[in-house]
1. What spacing in nm lies between the two simple spin-label points modelled at Glu101 and Glu115, each 7 Å away from Cα in the Cβ direction?
2. If you take every residue apart from Glu115 with its C-beta less than 15 Å away from the C-beta of Glu115, what net charge results, scoring Lys and Arg +1 and Asp and Glu -1?
3. Check Ile75: other-chain or 5+ apart residues with amide H under 5 Å from its amide H, H built from backbone geometry?
4. Measure off 7 Å from each Cα along the Cα-to-Cβ vector at Arg147 and Ala92, then give the distance between these two points in nanometres to one decimal.
5. If the chain between Ser44 and Glu76 were fully stretched, how many nm would it gain, using 0.36 nm times the residue separation less the Cα-Cα distance?
Amino acid sequence: MGWLQSGQAGASLVMRRTLVLVTAWVHRVEVESRLDATVPGRISRMFEEKLDALAQMMAEHMAAPFPPGFRGLDIEGRDMVLLDADSYAYAANVLEGPLDEQRRAGLSRLTAAFEKVLPAIGDEYGAKYYTHVRDMAVLAAEIETLRDK
């Protein structure tokens, strides 16, 4: 690859990451304005920080390349692409507002699945990637728990 193509690929990656971060920030602002309109009083600072952290984790996740060799791979009975996609979807739903009971139960099952899956990942990058995915799902579950208080 020539220096021009290399520079274009690098610029493309930077633009993609910037777009992901801006999109997550805009989504977070939209969610916060809806929450301020529907929740009486101010949302606790801790709750706001967790929402911000979740939006940041989601942006980081979207910027990270999917682990090579994990497409079509099942580990401990879990399709790794679906585990990834489900985790992101639950996190996005939590940012939008409270989950219904069925989705809460699904998020709980999802976070429990990581207890089996993570120790079985032999690839270093894959383990790091899915640890981040797990942390994102766990944070989403923590936010749901805070909503009950």
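1. It works out to 2.3 nm between the two label points.
2. Numbers: positive: Arg78, Arg109, Lys116, Arg134; negative: Glu76, Asp135.
It works out to a net charge of +2.
3. The answer is Met80.
4. Spacing of the two 7 Å Cα→Cβ label points: 1.6 nm.
5. Details: separation 32, 0.36 × 32 = 11.52 nm, distance 3.85 nm.
Full extension of this stretch gives 7.7 nm more.
Every number in this text was worked out from the coordinates using simple rules, so none of it is lab data. In this text the structure is predicted, and so the values were computed from the model without any measurement. Don't worry about glycine lacking a Cβ; one is built from the backbone with ideal geometry, like all the others, and counts go over all protein chains shown.
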